[in-house]
Amino acid sequence: MAGIVSCANTYHLFCVPTVRMEDMEALFACEEGFRIRVNNIRHVAVLFDALLERSCIQAHWQSILERGRFLISKDGKRFVTASSLSTALSVARIRPTSVVYDIRTMIGRLP
């Protein structure tokens, strides 16, 4: 989990000064009532996709995040949907940036 927290902080994935271990534990445990604002939905989608590639999470992660209402848009006005995560991931795959490569590399190196 420390590597995921480090990745989240390194690439400023969420709108908090510092993502804490407790934040990621609550998110991955699907803790009822937990919410976190997304700074860059594309990068968050890449993080979860990289975790899926390593078999760290379930294949239907997008719908789980939507149903639990765990992710809030950057402007704080709406919950992130499975559709918006899917679209963001598609764009990241079509036009990957250096940050996308770096997130995938960082997650790929997790023990």
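Within the shell defined by Cβ-Cβ distances under 9 Å, the residues around Leu71 carry a net charge of +2, with Lys and Arg each +1 and Asp and Glu each -1. Note: relative contact order over the stretch 4-111, using C-alpha pairs below 8 Å and six or more positions apart, is 30 percent. Taking the stretch 84-111 and a reference point 7 angstrom along Cα→Cβ of Ser63, the backbone N atoms nearer than 19 Å belong to 84-90. Rounded to two decimals, the Cα radius of gyration of the chain over 2.2 N^0.38 Å is 0.96.
Estimated at 0.36 nm per residue, the fully extended path between Thr18 and Glu31 surpasses their Cα-Cα distance by 2.8 nm. For the stretch 4-64, what class follows from the C-alpha gyration tensor (a ≥ b ≥ c being the square roots of its eigenvalues): rounded when a/c is under 1.5, otherwise prolate if a/b is larger than b/c, else oblate? Oblate, because a/c is 1.5 or more while a/b does not exceed b/c.
Accessible surface comparison of Met24, Met106, probe 1.4 Å, protein chains only, largest first: the order is Met106, Met24. Amide H contacts for Arg37 (H built 1.01 Å from N in the peptide plane; partners 5 or more residues away or on another chain; cut-off under 5 Å): Cys15, Ile72. Between Ser98, Ser90, Ser73, the GNM of the chain built on Cα springs shorter than 10 angstrom shows Ser98 fluctuating the most.
Dipole check for the chain: with +1 at the C-beta of Lys and Arg, -1 at the C-beta of Asp and Glu, and the Cα centre as origin, the magnitude is about 380 Debye. Just checking the listed ones, Val91, Val19, Val46: in the Gaussian network model of the chain with Cα springs under 10 Å, the one fluctuating most is Val91.
The values are calculated or read from the model by the stated rules, or taken from the named source; none is laboratory data. For clarity, every value in this text was computed on a predicted model and none was experimentally measured. We place every Cβ from the backbone using ideal geometry, glycine too, and count neighbours over all the protein chains shown. Calculation scope for accessible area: heavy atoms of the full protein, side chains included, ligands and nucleic acids excluded. Shrake-Rupley method; radii C 1.70, N 1.55, O 1.52, S 1.80 Å.
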